[in-house]
Amino acid sequence: MTVTHPGTPTLTTALDCVFVWHGEDERARVAGRNVLGSVTYGHGGRSPGLLHGVPRLEVAMAAPADRPVTEVWTTDRQVRAGRQDDLVYAEDGEHFFCAVRIDERDVYRDAVRAVYESAFTLMWRLGYTRLVRMWNLVGAITESNGEGTENYRDFCVGRAQVFEAWSDRIAGMPAATGIGSLRPGIDLYFLASRSGIATHLENPRQTPAHQYPRQYGPKSPSFARATVLESAAGSVPALFVSGTASIIGDDTVHPDDVEAQCAVTLANIETLVSHENLRRHGLAGGFRLDDLDRVKVYVRDAEHLPVVRARCAEVLRTDVDIAFFNVDVCRPDLLVEIEGICR
Ligand code: 3EB
């Protein structure tokens, strides 16, 4: 049940997220809500752990001159946190947050399979059977592993094997991000729900990633373009937009033109969140780029940051949480990738 207070709207945000910049008062931003988990996009990196009873991890995503930002996931319910093996997690009876790190190794797929397997087993055992949103932060993402396979493709193999193995229990794949990070190894975290209805969306402009042809890797990436979560009665549905890039069909378009890549990426998101696309998936409502918040923008080349910022400022609201990261994207020809949440 969602708790409402007199004077607040009856529609509540059962699960929410805020960006807290280094030096800001986290407690003030979180404002009396309970923390389910927090992820610092910082300079170093810190394996997932529990701090004051809350899952916390730090991923190396900020350039030396950039201010770290922490993504804080909050809920209006009571939270219980725990650890199991390398996993840290928290649950509130309706939502589940889980994080795990895979340290640097020659070949990742077996470790990816093992951590995804243990994470799915844990969430399933605790009753959170509906995946909502996943983030995979992959060091040296487009470089070769110890056997000459690109790290991202290597990662995709292990992940796909687990989704195949769980396909009788986990229907479909959720919204996700697969992006570069600034230290070797793979950090991943995800959200799942107990009774909320999670509907995974595809984009009519893009081939579903799990149907990408073999040229992009032996196993295609396991994610949907977005997931809509309709939580308990009385809470606002949220649409989680996956990392979105300048891909039409399965092709990277405008490989050498960052402004054009921005325009295609934003147009992809606009179509994805639209009323027409929700209706295509049997859902009511719809969103516009104006509704995108908690935005993360990944830019491969630092010199492109100003133009990407400018393009985003033109189409997104100016009062939203938005963070920019100078990291590699999962195809060498992708210069920019954008994600966010509509509600
Ligand atoms: C793409 O559309 C760009 O592997 O989890 C975006 C979002 C991308 C998620 C993932 C990859 C992933 O294929 C890359």
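The values are calculated or read from the model by the stated rules, or taken from the named source; none is laboratory data. All values derive from a computational prediction rather than experimental measurement. Here the Cβ is made from the backbone with ideal geometry for all residues, glycine too, and neighbour counts use every protein chain on show. Side chains are part of the model used for accessible areas, which takes the heavy atoms of the whole protein and leaves out ligands, DNA and RNA. Shrake-Rupley method; radii C 1.70, N 1.55, O 1.52, S 1.80 Å.
Among the residues of the stretch 194-207, how many are within 10 Å of the ligand (Cβ to nearest atom) and assigned to a loop (DSSP other than H, G, I, E, B)? Quick ask: steps written out before the conclusion?
To start, the set of residues in the stretch 194-207 that are within 10 Å of the ligand (Cβ to nearest atom) comprises 203, 206-207.
With assigned to a loop (DSSP other than H, G, I, E, B) added as a condition, the list becomes 203, 207.
Summing the residues that are within 10 Å of the ligand (Cβ to nearest atom) and assigned to a loop (DSSP other than H, G, I, E, B) in the stretch 194-207 gives 2.
Can you name the residue in the stretch 194-216 that is basic (K, R) and touching a strand residue (DSSP E or B) at 6+ places or on another chain (Cβ under 8 Å) and, of all such residues, is nearest to L266 (Cα to Cα)? So that I can check it myself, show each step before the final result.
Residues of the stretch 194-216 that are basic (K, R), as a first pass: 194, 205, 214.
Okay, now just the ones that are also touching a strand residue (DSSP E or B) at 6+ places or on another chain (Cβ under 8 Å), so 194, 205.
Values: R194: 32, R205: 12 Å.
By that ranking, first place goes to R205.
Give me a count of the residues in the stretch 318-343 that are within 13 Å of the ligand (Cβ to nearest atom), of a type in the set (D, E) and surrounded by fewer than 21 Cβ atoms within 10 Å (Cβ to Cβ). Lay out the reasoning, then the answer.
Step one: of the stretch 318-343, the residues within 13 Å of the ligand (Cβ to nearest atom) are 327-340.
With the extra rule that they be of a type in the set (D, E), the set shrinks to 328, 333, 337, 339.
Filter again for surrounded by fewer than 21 Cβ atoms within 10 Å (Cβ to Cβ), leaving 333.
Residues in the stretch 318-343 being within 13 Å of the ligand (Cβ to nearest atom), of a type in the set (D, E) and surrounded by fewer than 21 Cβ atoms within 10 Å (Cβ to Cβ): 1 in total.
Looking only at the stretch 227-278, filter to residues that are in a loop (DSSP other than H, G, I, E, B) and open to solvent by less than 10 Å² (accessible area, probe 1.4 Å); which one of those is farthest from the ligand (Cβ to nearest atom)?
V273
Considering every residue within the stretch 82-90, establish whether at least one is on the phi > 0 side of the Ramachandran plot, in contact (Cβ under 8 Å) with a residue 24 or more places away in the chain and charged (D, E, K, R).
yes
Please indicate, with yes or no, whether at least one residue in the stretch 231-247 is in contact with a strand residue (DSSP E or B) (Cβ under 6 Å, 6 or more places away or on another chain) and at pLDDT below 95.
yes
Kindly list, by first and then second residue, each pair from a residue in the stretch 206-228 that is over 20 Å from R130 (Cα atoms) and of a type in the set (A, V, I, L, M) to a residue that is near the ligand (Cβ under 9 Å from one of its atoms) and open to solvent by 10 Å² or more (accessible area, probe 1.4 Å), limited to pairs with Cβ atoms under 9 Å and residues at least 6 apart or on different chains.
Hits for this filter: zero, empty list.
Take the stretch 48-96 and flag every residue that is farther than 28 Å from A111 by Cβ and not aliphatic (A, V, I, L, M).
H52, P64, D66, R67, T74, T75, D76, R77, Q78, D92, G93, E94
Mind listing whichever residues of the stretch 235-266 are in contact with a helix residue (DSSP H, G or I) (Cβ under 9 Å, 6 or more places away or on another chain) and under 30 Å from D76 (Cβ atoms)?
L239, V241, S242, T244 - these are the residues of the stretch 235-266 that are in contact with a helix residue (DSSP H, G or I) (Cβ under 9 Å, 6 or more places away or on another chain) and under 30 Å from D76 (Cβ atoms).
What is the residue count in the stretch 119-154 for residues that are over 17 Å from the mean Cα position of the chain (by Cα) and in a helix (DSSP H, G or I)?
Result for the stretch 119-154: 9.
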